[in-house]
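A short write-up of the structure that comes next.
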Amino acid sequence: MNKTKLGALILIVAIVGIGGVFFYNGYVKISTNHKAAQHPDLPIPAVLKDTNPDPNVAEYTLTAQQGKKAFISGKTTATYGYNGDYLGPVIRLKTGEKVNITVKNKLPEATTVHWHGLIVPGSADGGPHAAIQPGKTWKAKFTVSQQAATLWYHPHPMGKTGEQVYKGLAGLIYVDDKHAESLDIPKDYGKNDFPLVLQDRRFNKNGQLVYKLNMTDEMYGFQGTTELVNGAVKPQLTVRRGLVRFRILNGANGRTYNLHLSGNRTFVQIASDGGFLKTPVQMKKLTLSPGERAEILVDFSKMKNGSTLRLQNGKETLMYFKVKGKSDQTYKVPQKLAVIEKMPVQEAVKTRKFVMSGMGPNVSINGRQMNMDRIDEAVKLNTMESSPKLTPFHFLLWSLRAIHTL
């Protein structure tokens, strides 16, 4: 390799203002200094308004739309969002209630809205078969029939899911039930119960989102160079000295987060994808894969007024918690959070064979390529099937349980 080619590989760093903009492999990495006072406040998503006065039937409207957001100082980034420029509002549902959601597509392309983790009929699932064309409307109707959990919603159009989520189409769903309401844990939204949507993005020098997949991205997942929390770069959140609940979503396309708090502080996990754990689990590290959720409790009661705690992914700081004032509420976290029913071990009712072949656009399963007008497999609810190996497939289910481990 000659000196000219070698020189082209040298990393160039340009620092701007109080923070910094770093160019890494042609992409911008937004950085800021470590003084929490100079970081943006954490954006807190609005709670979507139920427009139906009937307490037993909820009515919501979501609009997928184009937007603009300033991730980089002095730059305006083109984005997508639900009912806003980037990301979407929190949708709160109650177990047992009927729900009607109207989705309007104001994007220049087809989209869908999939309720990730929600138990709904196939007609309301919002998968690739339920495409909403530009300017059109789609309605989902279902009854909430599951226990309390933190879920999320996002688009799922064929061949465009990753890119549309990347542009900003994602939001959280809170399912509440009587059991969750009875637990002595924080539950005041925006006060001691906060959503944290973790994402990573690539920006070009003009401040625009870049979503161009190379071979490495396709094999290992698309990862960004700048970390976001609720759409902000290294934001800060002011919390009171007391117990605080965080509902965390890994909303990244390909990155697995290895989360911990500065100072090696302990926190407590109380829930995962499917809802509350059987008992609280103390930990110092939490691993979340893409699409995975977890609920944790952090005790700030012994921290000094004005002190700061950092949420980190490895060595990377994601956000800051600034302690100010004392909470007027105290909690005694129950040692039993949920009753996990034993799943009866039955004989598998069906054995399925999947033969995968081809590469790139020619991939097929059992000799057949994806066809939007065809459903290949229909699985009956509450039946048991077995797999002799770890599956490479993505299951759009609410929860799974391993009966036997290898």
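The values are calculated or read from the model by the stated rules, or taken from the named source; none is laboratory data. On a predicted model such as this, the values are computed, not experimentally measured, just so you know. Because the Cβ atoms are built from the backbone with ideal geometry, glycine has one as well, and the counts that use them run over all protein chains shown.
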For this session: Out of the residues in the range 78-109 that are outside any loop (DSSP other than H, G, I, E, B) and aliphatic (A, V, I, L, M), state the one that is surrounded by the fewest Cβ atoms within 10 Å (Cβ to Cβ).
Result: Ala78
For this session: Please indicate, with yes or no, whether at least one residue in the range 283-290 is in contact with a Phe, Trp or Tyr (Cβ under 6 Å, 6 or more places away or on another chain) and closer than 28 Å to His179 by Cα.
Result: yes
For this session: Consider only pairs whose beta carbons are under 6 Å apart and that are at least six residues apart or on different chains; among these, list those whose first residue lies in the range 214-226 and is touching a residue at least 40 places away in the same chain (Cβ under 8 Å) and whose second residue is buried (at least 16 other Cβ atoms within 10 Å of the Cβ) and not charged (D, E, K, R).
Result: Gly221/Gly254; Phe222/Asn253; Phe222/Gly254; Thr225/Tyr27; Thr226/Ile30
Exercise. Among the candidates Thr226, Thr238, Thr256, which residue alone is surrounded by fewer than 21 Cβ atoms within 10 Å (Cβ to Cβ) and in contact with a strand residue (DSSP E or B) (Cβ under 6 Å, 6 or more places away or on another chain)?
Worked result: Thr238
Exercise. What tally of residues in the range 140-174 results from selecting those that are among the β-branched types (Val, Ile, Thr) and more than 14 Å from the chain's Cα centre (by Cα)?
Worked result: 2
Problem set entry | Selection from the range 149-207 of residues that are within 27 Å of Gln223 (Cα to Cα) and of a type in the set (D, E, K, R) | Lys160, Glu163, Lys167, Asp200, Arg201, Arg202, Lys205
For this session: Those residues that are crowded, with 18+ Cβ neighbours inside 10 Å, more than 21 Å from the chain's Cα centre (by Cα) and without any contact (Cβ under 8 Å) to a residue 40 or more places away in the chain, I need them from the range 262-284; list them, please.
Result: none
Exercise. How many residues, within the range 186-222, are closer than 25 Å to Leu48 by Cα, within 20 Å of the chain's Cα centre (by Cα), surrounded by 15 or more Cβ atoms within 10 Å (Cβ to Cβ) and not acidic (Asp, Glu)?
Worked result: 9
Exercise. Given the conditions (1) in a loop (DSSP other than H, G, I, E, B); (2) surrounded by 15 or more Cβ atoms within 10 Å (Cβ to Cβ), and given that Gln65 satisfies all but one, which numbered condition is not satisfied?
Worked result: (1)
For this session: Go through the range 228-257 residue by residue and tally those that are small (Gly, Ala, Ser) and more than 21 Å from Val323 (Cα to Cα).
Result: 4
Exercise. Here are some conditions: (1) out of contact with any helix residue (DSSP H, G or I) (no Cβ under 8 Å at 6 or more places or on another chain); (2) surrounded by 20 or more Cβ atoms within 10 Å (Cβ to Cβ). Gly127 meets all but one. Which one does it not meet?
Worked result: (2)
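Per-residue answers, yes or no, for (1) surrounded by 13 or more Cβ atoms within 10 Å (Cβ to Cβ); (2) without any contact (Cβ under 8 Å) to a residue 12 or more places away in the chain; (3) touching a strand residue (DSSP E or B) at 6+ places or on another chain (Cβ under 8 Å):
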site: Leu286; (1), (2), (3): yes, no, yes
site: Arg293; (1), (2), (3): yes, no, yes
site: Asp299; (1), (2), (3): yes, no, yes
site: Asn313; (1), (2), (3): yes, no, yes
site: Leu318; (1), (2), (3): yes, no, yes
site: Phe321; (1), (2), (3): yes, no, yes
site: Ser327; (1), (2), (3): yes, no, yes
site: Lys332; (1), (2), (3): no, no, no
site: Pro344; (1), (2), (3): no, yes, no
For this session: Check whether at least one residue in the range 277-286 is over 22 Å from Glu385 (Cβ atoms) and touching a His at 6+ places or on another chain (Cβ under 7 Å), and report yes or no.
Result: yes
Exercise. Restricting attention to the range 376-396, and to residues there that are within 27 Å of the chain's Cα centre (by Cα) and among the aliphatic types (A, V, I, L, M), which single residue is modelled with the lowest pLDDT?
Worked result: Leu396
Problem set entry | Matching residues in the range 259-272 - criterion: being in contact with a strand residue (DSSP E or B) (Cβ under 6 Å, 6 or more places away or on another chain) and in a helix (DSSP H, G or I) | Ser262
Exercise. Across the range 132-183, what is the total count of residues that are assigned to a strand (DSSP E or B) and hydrophobic (A, V, I, L, M, F, W, C)?
Worked result: 10
Seminar exercise, completed: Those residues of the range 357-370 which are under 25 Å from Thr111 (Cβ atoms) and surrounded by fewer than 10 Cβ atoms within 10 Å (Cβ to Cβ) amount to Gly360, Pro361
